[in-house]
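Asker: Quick one: the structure is below, questions incoming.
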Amino acid sequence: MAERPEAMKQYNANRAAKDPGVWRRKSGTERVRIVEMLGGRCVVCGAENPLWLHVDYIAGSRGLKYRHPRHIAYVNDHRNEFRILCANHHYELTLSGRIAGTDITQ
């Protein structure tokens, strides 16, 4: 199907028509697997609630034309480029460019 993009587009449209929540569930399932793969806890405070955890791309994407791929295969192959942060620490890093009391910077 990779050689025929129109066929893949139709396949995905049919899949979504049969099951409207398919992509939301797939995304949620992949997110849970990625969080578990990366340790399942904030590297700063150790928070483990999956609803509070964010996957942070360490290299940062400022100044890049495109963002990094976020699918599970890419994360698995580039684990050293990602870390888990709780929402508070991720927000602190985003706003200030660093996390106080650590050597984590953006």
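Nothing in this text is a laboratory measurement; each read-out follows from the coordinates by a stated rule. Because the structure is predicted, anything quoted here is derived from the model rather than measured. Neighbour counts are summed over all protein chains in view; Cβ atoms, including those assigned to glycine, are modelled from backbone coordinates with ideal geometry.
Asker: Using a simple spin-label model with points 7 Å from Cα along the Cα→Cβ vector, what separation in nm is obtained for Arg98 and Ala59?
Answerer: For the pair Arg98/Ala59, the computed spacing is 2.4 nm.
Asker: Right, something else. Give the whole-number value, in cubic angstrom per residue, of the convex hull volume spanned by the C-alpha atoms of the chain.
Answerer: In the chain, the Cα hull volume divided by residue count equals 131 Å³.
Asker: Something else: Could you order the peptides 90-100, 10-20 from most to least packed, using the average number of other C-beta atoms within 10 Å per residue?
Answerer: Answer by packing, highest mean first, reads 90-100, 10-20.
Asker: Evaluate the charge dipole of the stretch 5-96 about its Cα centre and quote only its size in Debye, nearest 20, assuming +1 on the Cβ of each Lys and Arg and -1 on the Cβ of each Asp and Glu.
Answerer: So the magnitude is around 320 debye.
Asker: Shifting gears a bit: In nm, give the distance between the simple-model label positions of Asn76 and Asn12, each being 7 Å from the Cα along the Cα-to-Cβ direction.
Answerer: Here the modelled spin labels are 2.0 nm apart.
Asker: Ok, one more. Return the distance in nm (one decimal) between the two label points of a simple spin-label model at Lys26 and Asn88, each offset 7 Å from Cα along Cα→Cβ.
Answerer: Using points 7 Å along Cα→Cβ, the separation is 3.6 nm.
Asker: Are there GluC sites (Glu not before Pro) in the stretch 1-62 that DSSP puts in a loop and that have at most 14 other Cβ atoms within 10 Å, and which ones?
Answerer: Sites meeting the loop and neighbour criteria: Glu3, Glu48.
Asker: Could you work out the relative contact order of the stretch 5-96, using alpha carbon pairs under 8 angstrom and six or more residues apart, expressed as a whole percent?
Answerer: 31 percent
Asker: Based on alpha-carbon centroids, what's the gap between the stretch 7-80 and the stretch 90-106 in Å, whole number please?
Answerer: A separation of 22 Å, based on Cα centres.
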